[in-house]
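K.L.:
If you scroll down you'll find the structure; I have some questions about it.
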Amino acid sequence: MSIERVGVVGAGQMGTGIAHVLALAGIDVVLEDIDPDALDRALRTISRNMQRQAGRGLIRDEAIEPALARIRAVREVDALRGRDLVIEAATEDESVKRKIFEELCPRLDPQTMIATNTSSISITRLAASTDRPEKFIGLHFMNPAPMMQCVEVIRGIATDDNTFQAALDIVRRVGKTPAYAEDFPAFIVNRILMPMINEAVYTLYEGVGNVEAIDTAMRLGANHPMGPLQLADFIGLDTCLSVMQVLYEGLADSKYRPCPLLVKYVEAGWLGQKTGRGFYDYRGEKPVPTR
């Protein structure tokens, strides 16, 4: 199956990044979101990030204008008719995703594939909420999508071989490397990464070290490019909590219990960089630890 026309549902951080890489690969993109401000931000972000890539020699300057011209921002789900593939990139909330698929499926052509960018939720369960589970697959792009090279490809129990092969082809076409993961909670990357972040929050919660000490120790002691609490702020503490809850509920193992301090930060609305405060306060000239 040749995929030339792709729809992306959700103009948040992930949807914006996915639209960016698709357009650069020569694919016609419709980016849909009900929020016009989100769409405006997405287009500005894509343009700015492409300029940065060109400045670093990662893409050619002359590739930017044609790529931007391939992206059409829309507010109506009906505009996704005629797409070969639609990628859902909404918030990591199963009820939200199910509602999107409920509205989306009746508007799509029978042969259109659907992919979800979920980082943790069961592909089989999401597929069962659609009218085409055999044409449904998980494509988990990493954040930030323009820079990160891996995409997890996850089949549901009903996903057919043609859909799987088409998914592998599109991942390779946009210059990424597919990593096949079985349909278990949080797949591979977040199954390993999120418990580490959760343990860093427990280390803070129990007073073993403060924010700065924990991040410094992991950057310099484990040679990580970013400390775990700084990384949590970048990902979004609400997303971190959602993944930990999926792991805890899906695997029924106490080692995945979300740290109470992580829950408290999310309840306070301190979700990280996107809200201005998380484990760091981003409202000043430079980030300052909040604990």
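The values are calculated or read from the model by the stated rules, or taken from the named source; none is laboratory data. All of these numbers come straight from a predicted model, not from anything done at the bench. Cβ coordinates were reconstructed from backbone atoms using ideal geometry, including for glycine residues, and neighbour counts include every protein chain displayed.
K.L.:
Name, by its number, the condition in (1) among the acidic types (D, E); (2) surrounded by 16 or more Cβ atoms within 10 Å (Cβ to Cβ); (3) within 16 Å of A186 (Cβ to Cβ) that does not hold for D233.
P.N.:
(3)
K.L.:
Under the condition of being without any contact (Cβ under 8 Å) to a residue 40 or more places away in the chain and either not hydrophobic (A, V, I, L, M, F, W, C) or not assigned by TED's automatic domain parsing to the domain that holds F279 (or both), which residue from the stretch 220-235 is farthest from D93 (Cα to Cα)?
P.N.:
G221
K.L.:
Taking the stretch 271-289 only, how many residues are in contact with a helix residue (DSSP H, G or I) (Cβ under 7 Å, 6 or more places away or on another chain) and either among the hydrophobic types (A, V, I, L, M, F, W, C) or under 20 Å from E206 (Cα atoms) (or both)?
P.N.:
5
K.L.:
Note down all Cβ pairs under 6 Å where the first residue falls in the stretch 203-219 and is crowded, with 19+ Cβ neighbours inside 10 Å, the second is among the aromatic types (F, W, Y) and modelled with pLDDT of 95 or more, and they're at least six residues apart or on different chains.
P.N.:
Listed by first residue and then by second, the contacts come to V211/F279.
K.L.:
Something else now. Counting residues that are more than 25 Å from A166 (Cα to Cα) and in the same structural domain as N162 (by TED's automatic domain parsing), which helices (runs of 4 or more DSSP H) fully inside the stretch 1-98 reach at least 2?
P.N.:
Once the helices (runs of 4 or more DSSP H) in the stretch 1-98 are filtered for at least 2 residues that are more than 25 Å from A166 (Cα to Cα) and in the same structural domain as N162 (by TED's automatic domain parsing), what remains is 36-55, 64-69.
K.L.:
Would you tally the residues in the stretch 251-291 being acidic (D, E) and in contact with a Leu (Cβ under 9 Å, 6 or more places away or on another chain)?
P.N.:
Result for the stretch 251-291: 1.
K.L.:
Looking at (1) over 22 Å from S122 (Cα atoms); (2) not in a loop (DSSP other than H, G, I, E, B), which one does P225 not meet, given that it meets all the others?
P.N.:
Every condition holds for P225 apart from (2).
K.L.:
Residues of the stretch 188-200 being of a type in the set (A, V, I, L, M), closer than 20 Å to G250 by Cβ and assigned to a helix (DSSP H, G or I), which ones?
P.N.:
If the condition is that a residue be of a type in the set (A, V, I, L, M), closer than 20 Å to G250 by Cβ and assigned to a helix (DSSP H, G or I), then V189, I192, L193, M194, M196, I197 are the ones that fit.
K.L.:
Determine whether Y248 is among the aromatic types (F, W, Y), in a strand (DSSP E or B) and either out of contact with any Phe, Trp or Tyr (no Cβ under 8 Å at 6 or more places or on another chain) or more than 27 Å from A38 (Cα to Cα) (or both).
P.N.:
Here the answer is no, as Y248 does not meet what is asked.
K.L.:
Please go through the stretch 25-49 and pick out each residue that is farther than 21 Å from I114 by Cα and in contact (Cβ under 8 Å) with a residue 60 or more places away in the chain.
P.N.:
Answer for the stretch 25-49, where residues must be farther than 21 Å from I114 by Cα and in contact (Cβ under 8 Å) with a residue 60 or more places away in the chain: just N49.
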